Amino acid sequence: MMMFGDVTIDEMFPRAVPVMRAPLPVLKTEKIYARINRKAKEFGLQLSDEHREVIDFILDFYEVCDDCENARKLADMLQDEFKEMGGRKYLYQLFPEGPLSTIHELADLPSLGHEKDKSFGTRW
């Protein structure tokens with residue numbers, strides 16, 4: 001039979017080792033902005049200061065977020081940030097193909113989770 005009187009709490013429940021995470025990316029670089037401008041021209045999209053403000057918001061989000069794969073969360077944050085300008089309607093006027101998918105394409109950002117509904121179009 002084991003007695004716990006001679007064992008410390010730290011020995012009974014060892015603390016978890018801190019998880020080392022990769023450093024978060026720095027995305028607001030000349031290289032990224034050059035890529036965004038090049039791809040915008042390919043898409044026929046004339047970038048204005050308003051476009052750049054939305055793009056900067058997304059890039060800022062990725063620079064501080066270490067779990068950024070939730071498209072719904074990011075879309076809600078984006079709409080809240082630009083609510084005074086018109087929210088979703090304003091964002092879709094700037095990016096008719098969708099703000100998240102367009103900006104992710106322009107900046108070559110990773111795909112978001114639940115970005116597409118794979119069950120859409122199922123035949124019964």
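The values are calculated or read from the model by the stated rules, or taken from the named source; none is laboratory data. These numbers were taken from a predicted model, which means no experiment stands behind them. Backbone-built Cβ (ideal geometry, glycine too); neighbour counts: all protein chains shown.
Below are the figures for this structure:
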{"item": "Leu106 touching a helix residue (DSSP H, G or I) at 6+ places or on another chain (Cβ under 6 Å) and over 20 Å from Pro25 (Cβ atoms)", "result": "no"}
{"item": "Residue within segment 2-17 that is of a type outside the set (A, V, I, L, M, F, W, C), in a helix (DSSP H, G or I) and modelled with pLDDT of 90 or more present", "result": "no"}
{"item": "Count of residues meeting criterion [hydrophobic (A, V, I, L, M, F, W, C) and in contact with a Lys or Arg (Cβ under 6 Å, 6 or more places away or on another chain)] in segment 56-109", "result": "2"}
{"item": "Those residues of segment 67-119 which are part of a helix (DSSP H, G or I), polar (S, T, N, Q) and either exposed (fewer than 12 other Cβ atoms within 10 Å of the Cβ) or at pLDDT 90 or above (or both), in sequence order", "result": "Gln79, Gln93, Thr102"}
